[in-house]
Amino acid sequence: MSEVILAFFAALPIVTILILMVGLRWPATKAMPLAFLVALVLILFIWQTPLNWIFASTLNGAVIAVKIILIVFGALTLLFTLRESGALSAINRGFESISPDRRIQTIIIAWLFGAFIEGSAGFGTPVSFGAVGTPTIIGIGSSLETPEIIRTVTANGMNYDEFIQRVGE
């Protein structure tokens, strides 16, 4: 099978999600299971992956999803706690005392408050430029740590940590 056709098949679950959620405005609760089934059919019949790999990957994905849900839950809990306790109003008054200009307040909120929420939600170092490698480490880092890849990386004069850092860059 040509690489173009394989690339099409690889993109098919994502295309399915885009068509269902963006085009047909389906909720994620309906679109995602269907996209999972599309991926499952492709994995079984196009790539002929062994069943134990499929079950292991599905379980790994579920564990990663639970980790992400817990992080989001923590951030939302903090946000609602701040709102209900009145602390969010105090923070708003503090921003208004810095500058009455809404544009400056927006910049402050975007950079500082976003960094605070990210840091308190469990990503560790609060920075405004993203999750500090978490998608690379959790998303692909563990799946790339196979004996074959480690041998290839070592043969090219790198260790695995340097390899993952280069993937992220």
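Bear in mind these aren't lab numbers, they're just calculated from the coordinates by the rules spelled out. No experiment lies behind these values; they were computed from the predicted model shown. A quick note on method: Cβ atoms are made from the backbone with ideal geometry, for glycine too, and the neighbour counts reach across all protein chains shown.
If you go through region 34-49 one residue at a time, do you hit one that is within 30 Å of residue 112 (Cα to Cα), of a type in the set (Ser, Thr, Tyr) and out of contact with any strand residue (DSSP E or B) (no Cβ under 6 Å at 6 or more places or on another chain)? Even if it seems obvious, please write down each step before you answer.
Step one: list which residues in region 34-49 are within 30 Å of residue 112 (Cα to Cα), which gives none.
Checking region 34-49: not a single residue is within 30 Å of residue 112 (Cα to Cα), of a type in the set (Ser, Thr, Tyr) and out of contact with any strand residue (DSSP E or B) (no Cβ under 6 Å at 6 or more places or on another chain).
Candidates are the residues of region 58-107 that are in contact with a helix residue (DSSP H, G or I) (Cβ under 7 Å, 6 or more places away or on another chain) and among the small types (Gly, Ala, Ser); the one that is surrounded by the most Cβ atoms within 10 Å (Cβ to Cβ) is 75.
Report, by residue number, each residue of region 38-56 that is under 16 Å from residue 13 (Cα atoms) and either out of contact with any Phe, Trp or Tyr (no Cβ under 8 Å at 6 or more places or on another chain) or among the acidic types (Asp, Glu) (or both). Matches in region 38-56: 38, 39, 40, 41, 43, 44, 45, 47, 54.
Within region 1-57, the set of residues being surrounded by 12 or more Cβ atoms within 10 Å (Cβ to Cβ) and hydroxyl-bearing (Ser, Thr, Tyr) comprises 16, 49, 57.
Hey, residue 76 hits all of (1) touching a Ser or Thr at 6+ places or on another chain (Cβ under 7 Å); (2) closer than 19 Å to residue 109 by Cβ but one; which does it fall short on? Among (1) touching a Ser or Thr at 6+ places or on another chain (Cβ under 7 Å); (2) closer than 19 Å to residue 109 by Cβ, residue 76 violates only (1).
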